[in-house]
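The values are calculated or read from the model by the stated rules, or taken from the named source; none is laboratory data. In this text, all values refer to a predicted model and were calculated from it rather than measured experimentally. For neighbour counting, all protein chains shown are included, and Cβ atoms are generated from backbone atoms with ideal geometry for every residue, glycine included. We work out accessible area using only protein heavy atoms, side chains counted, and drop any ligands, DNA or RNA first. Shrake-Rupley method; radii C 1.70, N 1.55, O 1.52, S 1.80 Å.
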Amino acid sequence: MEIVAEGGVTTPSGFLAGAARCGLKSGSDLDLALLYSPRDCSAAGVFTRNRVVAAPVLLDRETLEANNNAIRGVVANAGNANACTGAPGVWAARQMQQNAAFALGCRPEQLLVLSTGVIGVQLPMPKVNAGIDSAANRLGGEQGEALARAIMTTDTHPKEVAVRLTAGGKTVYVGGVAKGSGMIHPDMATMLAVITTDASVPAELVQPLLDDAVNQSFNRISVDGDTSTNDTVLLLCNGASGVLIDHDHGWEALGEAVNYVCRELAQMIVRDGEGATKFVAIEVYGARSEEDAHAVANTIATSPLVKTALAGSDANWGRILAAAGRAGVPFEQSETALWVANPSGRELQLVSEGTPTAYEEAEAATIFAEQDINIRLQLGNGDGEATVWTCDLSHDYVTINADYRS
């Protein structure tokens with residue numbers, strides 16, 4: 001597997017994108033995008049588990065249940081989530097699907113719909129329809145970055161990645177795009193992501209492939225502990241490479257590539273967390289199960305006290321252990337050990353057998369002042385392990401979210 005420089009969602013053969021400004025976001029920013037494949041795609045989706053669900057999520061679930069082997073693309077908007085909008089919102093999502101299908105020359109049931117932005121505001125469909133027509137007129141393989149910009153809300157930069165791999169002696173590409181900065185938390189996060197590949201993958205295998213990748217990436221990140229109404233990750237496989245991948249041919253290599261793309265996009269979201277100044281990996285070892293380790297890591301990652309200490313570069317490790325202790329996972333305090341490390345590999349043990357070591361406070365403070373920090377907690381009662389990626393909680397996060405609708 002090899003990373004493609006400046007690659008993205010249209011790097012795999014046969015995927016085209018177009019973007020336009022229709023006035024859903026303030027200023028002159030792009031806010032409407034299309035992704036299209038002239039070839040049918042086998043497809044799958046993973047969606048928010050929030051019980052308050054946006055209209056596009058309802059429509060996409062319905063669409064994929066009826067058709068997971070002939071999807072042609074995606075229509076997406078930013079600036080308006082089309083969530084908590086009732087029957088008019090469902091109608092608007094269907095209109096997006098139908099109008100984009102007409103513009104692209106396919107059937108409505110071949111398109112999926114994504115929306116992100118402010119909750120509780122009806123979509124102005126005349127603007128959306130004009131944006132669809134404009135984006136359709138700009139379709140091209142070089143428009144992936146424009147799509148990435150069009151789906152941004154509080155993101156500070158577009159998020160794209162692509163890789164190439166060899167399967168059956170031929171080259172296959174996997175690409176992806178995502179948006180997300182705040183309201184980030186499993187399951188999943190306030191984020192949209194689309195993964196594409198020009199491999200041919202049987203429809204019944206696409207959902208397990210995506211589920212595995214999401215569980216190792218988008219469900220392992222947290223910015224602020226809030227799960228959105230619109231969270232969606234889609235995987236589209238159009239077969240344009242002519243390479244069939246299944247359990248007998250190239251499966252491990254494709255799985256590695258999809259997992260890598262999802263993990264990179266997920267980490268980009270955390271690094272771009274609203275107001276974030278630090279990227280933090282929390283590794284928990286020695287739990288009774290992976291689920292227990294994930295629960296502990298996630299509790300630490302979402303603790304306001306831990307996250308504010310990180311923002312202040314305060315080596316207040318007691319908050320880390322206290323958060324672990326309320327995760328609902330049994331372990332013995334006397335068996336715990338805690339380390340922190342920086343990107344260069346400098347590691348410092350703070351706790352051994354549940355008590356502080358004779359570390360130097362200044363050395364700990366130096367590591368906590370880094371932009372990238374690794375926190376490693378050993379529970380000492382099993383083989384379960386898990387990693388969650390998070391960020392700090394700064395004053396800027398409050399500033400951004402105090403006037404989001406303004």
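Within segment 264-318, which residues are open to solvent by 30 Å² or more (accessible area, probe 1.4 Å), among the hydroxyl-bearing types (Ser, Thr, Tyr) and under 25 Å from residue 213 (Cβ atoms)?
Within segment 264-318, 285, 289, 302 qualify.
Answer yes or no: is there a residue in segment 20-32 that is open to solvent by 50 Å² or more (accessible area, probe 1.4 Å), within 22 Å of residue 203 (Cβ to Cβ) and basic (Lys, Arg).
No - not one qualifying residue is present in segment 20-32.
Using the structure shown, decide if residue 117 is in contact with a Lys or Arg (Cβ under 9 Å, 6 or more places away or on another chain) and at positive phi.
It is true that residue 117 is in contact with a Lys or Arg (Cβ under 9 Å, 6 or more places away or on another chain) and at positive phi.
Against the condition in contact (Cβ under 8 Å) with a residue 40 or more places away in the chain and not in a helix (DSSP H, G or I), how does residue 255 come out, does it pass?
The answer is no for residue 255.
Taking segment 126-153 as the search range and keeping residues that are among the polar types (S, T, N, Q) and surrounded by 21 or more Cβ atoms within 10 Å (Cβ to Cβ), which one is modelled with the lowest pLDDT?
The selected residue is 153.
Filtering segment 228-263 down to residues that are of a type in the set (Val, Ile, Thr) and over 21 Å from the mean Cα position of the chain (by Cα), which residue is surrounded by the fewest Cβ atoms within 10 Å (Cβ to Cβ)?
Per the criteria, the residue is 243.
Any residue in segment 341-356 that is within 23 Å of residue 221 (Cβ to Cβ) and crowded, with 22+ Cβ neighbours inside 10 Å?
Looking through segment 341-356, none of the residues is within 23 Å of residue 221 (Cβ to Cβ) and crowded, with 22+ Cβ neighbours inside 10 Å.
Scan 59, 123 and give me the residue that is within 23 Å of residue 178 (Cα to Cα) and either assigned to a loop (DSSP other than H, G, I, E, B) or open to solvent by 50 Å² or more (accessible area, probe 1.4 Å) (or both).
Residue meeting the stated conditions: 123.
Taking the stated definitions as given, is residue 116 closer than 26 Å to residue 27 by Cα and not in a loop (DSSP other than H, G, I, E, B)?
Spelling it out, residue 116 is indeed closer than 26 Å to residue 27 by Cα and not in a loop (DSSP other than H, G, I, E, B).
Where in segment 290-406 are the helices (runs of 4 or more DSSP H), entirely inside, with at least 1 residues that are under 30 Å from residue 118 (Cβ atoms)?
Of the helices (runs of 4 or more DSSP H) lying wholly inside segment 290-406, those with at least 1 residues that are under 30 Å from residue 118 (Cβ atoms) span 290-302, 304-311, 395-402.
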